[in-house]
1. Calculate, for E194 and Q130, the FRET efficiency according to 1/(1 + (r/R0)^6) with r their C-beta to C-beta distance and R0 30 Å; round to the nearest 0.05.
2. What full-extension length gain, to one decimal in nm, is calculated for E51 and R138 as 0.36 nm per residue of separation minus the Cα-Cα distance?
3. At 0.36 nm per residue, and after removing the present C-alpha to C-alpha distance, how many nm does the segment from I203 to A101 gain when stretched out fully?
4. Suppose all protein chains stay in the model; what accessible area per residue would a 1.4 Å probe give for region 27-74, in Å²?
5. Pulled fully out, how much extra length does the chain show between E67 and S36, if you take 0.36 nm times their separation in residues and subtract their Cα-Cα distance?
6. If R0 is 25 Å, what FRET efficiency do you get for Q155 and D176 from their C-beta distance, rounded to 0.05?
7. Pop out the Kirkwood hydrodynamic radius of region 68-113 from its pairwise C-alpha distances, inverse of mean 1/r, in Å to one decimal.
Amino acid sequence: MSTPRIDQTQTSPSEEKEQPSPAPAEARWYIVHAYSGQEERVAKAIRQRVESLDLADRVLEVKVPLEQVVEIREGQRIKKTRPMFPGYILVRMVLDERTWAAVRNTPGVTGFISADTLTEKPQPVPLGPQEVEAIFKRMESGHPLVKVGFTKGQQVKIVGGLFKDFIGTVDEIYPDKGRVRVLVSFFGRETPVELDLLEVERIA
């Protein structure tokens with residue numbers, strides 16, 4: 001067995017303290033359920049509890065996944081930020097008795113997403129690498145999601161463009177582009193027309 005090499009470089013205690021310790025390899029992302037509408041408050045409470053229990057080296061990150069949404073309201077586009085998964089928080093942690101208890105017993109937390117909810121202490125299920133990648137990719141995309149108030153097959157009135165005041169049927173919705181395809185009866189035949197979401201409205 002080879003003798004390990006000893007680094008003779010002297011390091012002061014203060015310098016050692018400043019060097020961040022590497023994240024444990026066994027740390028995984030878990031989904032925590034909280035009261036809907038209180039995600040940010042509960043996430044803050046988890047961070048504070050983790051800090052007070054000196055578990056910051058085991059509970060590494062607490063995030064509320066957010067996304068930008070564009071709502072069509074009264075003929076206007078309104079941008080807003082909302083939780084991507086209402087009522088859920090992501091926590092990257094090393095799961096053990098202490099970290100489980102610290103997070104689970106935080107006020108506002110109702111539980112982990114678990115494999116078996118019928119047992120006395122259900123085992124939390126970590127997210128897979130592909131699931132984590134998909135969530136963060138969606139968070140970082142920078143493209144706001146358009147909240148569409150229409151459904152396929154619904155009748156709508158066209159309020160702008162060449163077909164203004166025509167009644168049509170929603171045939172396809174393109175939320176990523178903020179557009180909708182409507183079938184309009186024109187000269188006795190159905191004609192597909194692609195419109196901006198601001199150019200159509202629901203028929204009450």
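1. That gives a FRET efficiency of 0.35.
2. 28.4 nm
3. That pair, I203 and A101, stretches by 31.5 nm at full extension.
4. That works out to 56 Å² for each residue.
5. Between E67 and S36, full extension yields an extra 9.6 nm.
6. 0.60
7. Kirkwood radius, region 68-113: 13.5 Å.
The values are calculated or read from the model by the stated rules, or taken from the named source; none is laboratory data. Just so it is clear, the model here is predicted, and its values are computed rather than measured. A quick note on method: Cβ atoms are made from the backbone with ideal geometry, for glycine too, and the neighbour counts reach across all protein chains shown. Only protein heavy atoms, including side chains, enter the accessible area calculation; ligands, DNA and RNA are left aside. Shrake-Rupley method; radii C 1.70, N 1.55, O 1.52, S 1.80 Å.
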